[in-house]
1. I'd like the distance between the alpha-carbon centres of the stretch 117-189 and the stretch 195-239, rounded to an integer number of Å.
2. For 141, 62, 231, what's the fewest-to-most ordering of other Cβ within 10 Å of each Cβ?
3. If we sort 69-78, 164-173, 99-108 on the protection proxy, mean other Cβ atoms within 10 Å, highest first, what's the order?
4. Assign one of three labels to the stretch 174-238, namely rounded, prolate or oblate, based on the Cα gyration tensor with a ≥ b ≥ c the square roots of its eigenvalues; rounded applies when a/c is under 1.5, prolate when it is not and a/b is larger than b/c, and oblate otherwise.
5. Pairs of Cα atoms under 8 Å, at least six residues apart: use those to get the relative contact order of the chain, whole percent.
6. Could you line up 222, 151 from fewest to most neighbouring Cβ atoms inside 10 Å?
7. If the chain between residue 135 and residue 186 were fully stretched, how many nm would it gain, using 0.36 nm times the residue separation less the Cα-Cα distance?
8. Angle between the Cα long axis of helix 223-238 and the longest principal axis of the chain, 0 to 90 degrees, nearest 10?
């Protein structure tokens, strides 16, 4: 309770102090990076911090920068990233689907993002102030469960702190329950007609999943045991 009150106070303070009258229309969306054509303008420390997520998730990455951070060099040496050693040009955006403006020059970052937005390209910006139409989130993935936190670029150092607090308070068995419910859903799609499903889904949405999960004392159920116990609980709940 004390932790929750603390974070409520912090976030309330941040809203009043940082955001004020700024209108923000961001909506959290998961983006499949596989084979996405991404341009990084700038190759310093902050670019290095963001690059790994893109590389590890299969993006096709090109970097335009006169200089290269030592932490990025291994990606270039192994040809996982293409490096063009020069200053940014507007035509670098040709055939790009997403751009990250990661230079130390706030004015240049602004220009890169504005060029991208004019062309209908997704654009991130490491500068605190300036245009952008995407925000990177601190996130963690546990199988099919993804948790993310963003401070809308107002206090990015706090995002991973808040995320760790969230993760520590969540039952680690949620991913197992998600998988079991997915299998149950697939079975429902096979067994029930489209006309009958809405009533079933509406009833299942009211099931006390958190309470049921907290009451499970066996930590080592197999998938079939998860399926059996969840099905019995849901069928009993449906009456």
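1. For the stretch 117-189 versus the stretch 195-239, the Cα centre distance is 25 Å.
2. Values: 141 10, 62 18, 231 14.
Least to most surrounded, the residues fall as 141, 231, 62.
3. Values: 69-78: 14.5, 164-173: 12.2, 99-108: 20.3.
Listed from highest to lowest mean packing, they are 99-108, 69-78, 164-173.
4. Values: a/c = 2.40, a/b = 1.61, b/c = 1.50.
Judged from the Cα gyration tensor, the stretch 174-238 comes out prolate (a/c at least 1.5, a/b above b/c).
5. On the way: 274 pairs, mean separation 28.7, N = 239.
Relative contact order, the chain: 12 percent.
6. Details: 222 8, 151 19.
Placing the least packed residue first, the sequence is 222, 151.
7. On the way: separation 51, 0.36 × 51 = 18.36 nm, distance 3.35 nm.
Length difference between fully extended and current span is 15.0 nm.
8. 70 degrees
All of the numbers you see were taken from the coordinates with simple rules; none came from a lab. Every value quoted in this text rests on a predicted model; they were computed, and no experiment measured them. Here the Cβ is made from the backbone with ideal geometry for all residues, glycine too, and neighbour counts use every protein chain on show.
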